[in-house]
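*Asks:* A single structure is presented below for examination.
The values are calculated or read from the model by the stated rules, or taken from the named source; none is laboratory data. Because the structure is a prediction, the values reported are computed rather than measured. We place every Cβ from the backbone using ideal geometry, glycine too, and count neighbours over all the protein chains shown. In case anyone asks, the SASA skips ligands and DNA or RNA and just uses the protein heavy atoms, side chains included. Shrake-Rupley method; radii C 1.70, N 1.55, O 1.52, S 1.80 Å.
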Amino acid sequence: MRMAVSMFTRLLNIRNVMNINNFNAAGSSISIIQRSDVISKSYSSVTSQGEEDVNLLLSDEIYRQKVSEKKLNKAMKAYMQRSKDYKEFIERQVAEYNIGKRHLANMMGLNPEEISKKDIKESIEYLFPSGIYDKLARPMMIPPEELHKRKEAEFDESGRPHHFLFYTAKPNYYEILHKIAGSMIYLNKIEDKKVAMNIELTPENKINLVGFNWLSKIELETLLLEELKPEEYEYFVKSMDILVDHPLSKHVESFVMTYRKQLTTITKKAEIPKLEYDSNNRPFIVAISGRKSAKSEVKIIGEGSGNITINGKDITYFDNIQCREQIIFPLIFTHMNGKIDIEAKVYGGGPSGQAGAIRHAISKALRSFVDEQMIEKMRLAGLLTVDWRKRERKKWGQEGARRRFTWKKR
């Protein structure tokens, strides 16, 4: 009993000694090591309620950050980094696009704040005329958001994708196939009901696709933002054809027409004048054209020997070799060199404008001597395209059409 009382008394004395003010003294007497990582908290009533709230908020924020870092897996972190890089790239491209748009507006004398996409397209066509048939090969100026499209994947907090076909690597493509299969099941159910009710299936229940065609492989890839193999595109077309051939395909018309485009019909072809014959029974044709301020009238006579007459002179009327090549080029292109005679009258403008006017008039007249296939080749080569470019007038307050006076501050 005495032993227990003495031990209890010692413990009470140690507890009274070990307080905040006498911690160092007691530690030295009983060999207690103070740890640096232990944070002492003050329980004094002097601490304000606002400081306690701030400490709680900071601790909650740190906890949430740690939890969110634990939830993000490596795939999600890689996706977030790619998304960040893409946004930075788009921001740089948009800044460069806006600068280029302002320069273009200043060159064309337009308001940079009010210039539209139509104005930009017309300005590019004016400054950089091109006879290239493929529109994608022509000069263009498109907003970066439309030019650099990127498919955005959606993930939850744990890094799992929301799309149920994400792990197929082409979720949008396989989603279409999934919808095609669902549409077939839907149409079969409707057909079964009509058959059970003895309702006759009329051709009006089938979708009419006259004047429409399936999207091309490139157009479908642009719509889906996914690259497709040729066999995948063919499988898509075959699947859609099977769906369209269903006798009740009219019920899924909205879904089918999403992947079809209307064919552009040529309402009127260029009228090609018929050949006339002179007193010697030789075919001839007359064409008129212009270039800049020059005007030309060209007469092409068939069954000739390749003679070229320009204002009563031969091709040496032009001193510049390039102008001579401009006139001979349509003949070489159509393989008519040495088979016809040319009589040209030209006035106004300079050598370049006169050569261009004669060249276009020769090209127009040659259509009556060649077949349709050659005419199409001439059109693709730009021989039948009118060049409307002219010398731009000088602007007031400037040295020239675009050139400014040298500005010196001092």
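*Asks:* Sort the following peptides by mean Cβ neighbour count (other Cβ atoms within 10 Å, averaged over residues), highest first: 361-372, 308-319, 244-255.
*Replies:* So the order, starting with the most tightly packed, is 361-372, 244-255, 308-319.
*Asks:* While we're looking at this one, here's another question. What GluC sites (Glu not before Pro) in the range 94-149 are in a loop by DSSP, with at most 15 other Cβ atoms within 10 Å of the Cβ?
*Replies:* Glu113, Glu114
*Asks:* Here is a further query. May I ask you to give the solvent-accessible area per residue for the range 205-334, in square angstrom, as obtained with a 1.4 angstrom probe?
*Replies:* Accessible area per residue, the range 205-334: 63 Å².
*Asks:* While we're on this one: Return the long-range amide H neighbours of Arg291 (sequence gap of 5 or more, or a different chain), with a cut-off of under 5 Å between placed amide H atoms.
*Replies:* Amide H neighbours of Arg291: Ala357.
*Asks:* Can you tell me the FRET efficiency between Lys229 and Glu303 if r is taken as the Cβ-Cβ distance and R0 is 60 Å, rounded to the nearest 0.05?
*Replies:* 0.60
*Asks:* May I pose another question? For the pairs Lys295/Lys377; Lys101/Lys408; Lys179/Lys238; Lys87/Lys121; Lys135/Lys394; Lys117/Lys229, note any where the Cα-Cα span goes beyond 22 Å.
*Replies:* Checking Cα-Cα distances, Lys295/Lys377; Lys101/Lys408; Lys87/Lys121; Lys135/Lys394; Lys117/Lys229 exceed 22 Å.
*Asks:* Taking 0.36 nm per intervening residue step and subtracting the Cα-Cα distance, what contour gain separates Glu114 from Gln262 on full extension?
*Replies:* Going from the current span to full extension adds 50.0 nm.
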